[in-house]
Amino acid sequence: MPANLPPQYHKAEDEFRGASTPGERLEKLREMYRLLPKHKGTEKLQSDLKQKISRLKDELEAAKGSGKKVGVSYRVPHEGAGQVSLVGSPNAGKSALLASLTHAHPEVAAYPFTTRAPQPGIMMWQDVPVQLVDLPPISLEFLEPWVPSIIRSTDAALLVADMGSDDVAEAIEAVLERLAATHTELVGTLPFDVDDEAIRHVKTLMVANKMDADGASERLEVIRDWLGPRFPILPISVQERQGLETLREAAYHLLGVLRVYTKVPGKPVDRSRPFTLPIGSSVLDLARDVHREFKDTLKFARIWGQGVFDGQTVKRDHELHDSDVVELHVS
Ligand SMILES: Nc1nc2c(ncn2[C@@H]2O[C@H](COP(=O)(O)OP(=O)(O)OP(=O)(O)O)[C@@H](O)[C@H]2O)c(=O)[nH]1
Ligand SMILES: [Mg+2]
């Protein structure tokens with residue numbers, strides 16, 4: 001890669017990587033080509049870009065010609081402390097849930113198969129941003145081919161069930177079966193040992209929505225008997241705004257992370273943005289996230305929080321706890 005490319009080129013490239021539709025990707029590739037200085041040193045890049053543009057154009061043409069969305073694939077760049085997919089049967093209230101927990105404005109409708117593309121939104125739990133991704137529904141007859149790969153690449157899932165429907169059990173079974181057929185297993189607890197590397201286990205909370213509907217409590221009993229051993233189940237009603245605060249917290253805990261605040265020696269704590277790291281992380285792991293070089297230059301840390309006295313000096317391998325304040329001392 002030639003080093004002297006203009007910053008606008010790198011910006012277009014970043015946008016290309018973040019684009020979620022083939023149309024957007026094509027537009028960004030064309031922009032990159034336009035911005036690329038045309039000289040001997042960029043010849044290889046010019047030809048790569050031209051090839052990519054022509055391949056993508058073919059794909060889009062083929063999709064138009066057959067009237068089908070051929071080659072559509074979506075990627076949702078991860079944001080916040082973790083990404084949680086909204087998975088479930090048609091009409092369960094996934095989009096309504098996204099709309100009530102984030103600032104996103106997905107289409108919500110009283111008929112099934114409303115959502116056609118992934119729609120991300122940021123949900124705050126206290127001061128931690130968690131990314132939710134609304135997805136098209138899954139049923140026995142219908143599964144967008146790109147949906148399992150998004151679910152496999154997220155950190156956790158909410159399995160949204162429609163407690164207003166008499167067919168809720170069959171609908172959930174269909175979701176679980178269709179995903180299992182793609183080696184994607186929704187589970188309440190991640191297995192300790194995985195024999196088959198092809199299988200991706202996704203930590204899941206079941207969200208029993210529409211608890212305001214007639215007959216919902218009876219259906220919940222049936223679902224609890226069946227799936228209670230497999231998933232934690234949280235009853236909610238998006239419509240009545242019941243259980244939503246509990247859900248925010250539960251969704252955060254699904255991620256298996258802790259948050260810590262950093263402090264520069266002699267300065268006040270930076271409470272504007274917590275760092276989030278996997279539970280079990282050490283002071284050294286935090287240092288690595290704060291600055292790439294800190295992993296080599298970190299000498300010790302001082303901590304305010306659980307299991308230490310205020311400002312206690314700790315070593316690099318000290319295990320962090322939620323809400324700790326950490327002052328990193330580097331050489
Ligand atoms: N009674 C009741 N209706 C709800 C509740 N939550 C959502 N709905 C309604 O259920 C219908 C479907 O909601 P959506 O959010 O579009 O459902 P979805 O799961 O995104 O549907 P697809 O995009 O087709 O998969 C809408 O009419 C919502 O208003 C709830 O808690 N109670
Ligand atoms: Mg929807």
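Things worth noting here:
- Listed by chain and number, the aspartates and glutamates whose C-alpha is less than 12 Å from the C-alpha of residue 299, apart from same-chain residues fewer than 8 away, are 317, 327.
- Two-site FRET efficiency, residue 293 against residue 187, from Cβ-Cβ distance with R₀ of 35 Å, rounded to 0.05: 0.35
- Cβ-Cβ FRET estimate between residue 241 and residue 141, R0 fixed at 30 Å, reported to 0.05: 0.40
- Global size of segment 257-330 as Cα Rg and Dmax, reported in angstrom: 10.8, 28
- Ranked by how many other beta carbons lie within 10 Å on average, peptides 6-19, 127-140 from highest: 127-140, 6-19
- Under 17 Å from residue 28, Cα to Cα: lysines that are on another chain or at least 8 residues apart: 11, 50, 52, 57
- Separation of the residue 170 and residue 50 label points, Cα + 7 Å toward Cβ, nm: 5.7 nm
- Across the chain, the mean sequence separation of Cα contacts (distance under 8 Å, 6 or more residues apart), normalised by length, yields a relative contact order of 12 percent.
- Partners for residue 295 among lysines (Cα-Cα distance below 28 Å; same-chain residues under 8 apart left out): 263, 267, 315
- Counting DSSP beta bridges with both ends in the chain, the antiparallel % (nearest 5): 50 percent
- Measuring r between the beta carbons of residue 250 and residue 78 and using R0 = 22 Å, the FRET efficiency lands at 0.65.
- By average C-beta atoms within 10 angstrom, highest first, the peptides 280-289, 251-260: 251-260, 280-289
- Rg in Å to one decimal, and Dmax rounded to a whole Å, for segment 155-240 via C-alpha atoms: 13.6, 43
- Between residue 117 and residue 317, the simple label model (points 7 Å from Cα in the Cβ direction) yields a spacing of 5.0 nm.
- Cα-based shape type of the chain, given that a ≥ b ≥ c are square roots of the gyration tensor eigenvalues and the cut on a/c is 1.5: oblate
- A helix-only calculation puts the chain at -10500 deg cm²/dmol for mean residue ellipticity at 222 nm, using -39500 (n - 2.57) for each DSSP H run of at least four residues, averaged over all residues.
- Nearest-20 debye value, the chain charge dipole, Cβ charges on Lys, Arg, Asp, Glu: 1880 debye
- Ranked by the mean number of other Cβ atoms within 10 Å of their residues, highest first, the peptides 110-121, 75-86, 40-51 fall in the order 75-86, 110-121, 40-51.
The numbers here are math on the coordinates, done by the rules we state, and not lab data. Computed from a prediction, not measured in an experiment: that's the story for all the values here. Cβ coordinates were reconstructed from backbone atoms using ideal geometry, including for glycine residues, and neighbour counts include every protein chain displayed.
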